[in-house]
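The values are calculated or read from the model by the stated rules, or taken from the named source; none is laboratory data. The structure presented is a predicted model; accordingly, all values stated were derived computationally and were not measured. Note that each Cβ is placed from the backbone with ideal geometry, even for glycine, and that neighbours are counted across all protein chains shown.
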């Protein structure tokens, strides 16, 4: 049996409007200004954490003098360019053993690191370490990301990182350099080409 359910006839009950507590009203009034202050302060907070990490390589800032560092030894002196290596242990980068890690100075100032390595496994691990530390790979016109020759690059504020891998022979080269000091190497080349 069907029955119709109709609302009771007669006057409807009064609507009760409750006011929010005073603390909630104050929070609403302060919410927008606090949000705005937090949004404006975010770049400065990020800058403070970024400046704690000096640009350079493994705690050695760009432009520093390597001859004063006990953990390094000079392996080649060539006028304006000096090449250093770490004294202890096999060369390592990103927890991987590599073929060589050479630190270059120009005019006595630390400007470049060249890391040579072998095997595709090492290449994959170095690439992953760089991606996790510096973000996604920036692809530019002409760069190769697959095949026998692969090239990757990251351009940071003070540092440029280039990773090249040749599948034929499984050889790789990682160059980490100061964006300010590295162009001096090109000046050096132009001095010898005339």
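Name every residue in region 139-150 that is modelled with pLDDT of 65 or more and either over 11 Å from residue 163 (Cβ atoms) or surrounded by fewer than 10 Cβ atoms within 10 Å (Cβ to Cβ) (or both), in order of residue number.
Across region 139-150, the qualifying residues are 139, 147, 148, 149.
Would you check which residues across region 75-103 are within 17 Å of residue 65 (Cα to Cα) and in contact (Cβ under 8 Å) with a residue 60 or more places away in the chain and list them?
80, 81, listed by residue number.
Going by what's in this entry, would residue 64 be described as at negative phi, touching a strand residue (DSSP E or B) at 6+ places or on another chain (Cβ under 7 Å), assigned to a loop (DSSP other than H, G, I, E, B) and at pLDDT below 95?
no
Could you go through region 83-90 and let me know if any residue there is in a loop (DSSP other than H, G, I, E, B), in contact with a strand residue (DSSP E or B) (Cβ under 7 Å, 6 or more places away or on another chain) and closer than 18 Å to residue 130 by Cα.
no
Just to be sure, is residue 104 modelled with pLDDT of 95 or more, touching a strand residue (DSSP E or B) at 6+ places or on another chain (Cβ under 7 Å) and within 15 Å of residue 161 (Cα to Cα)?
yes
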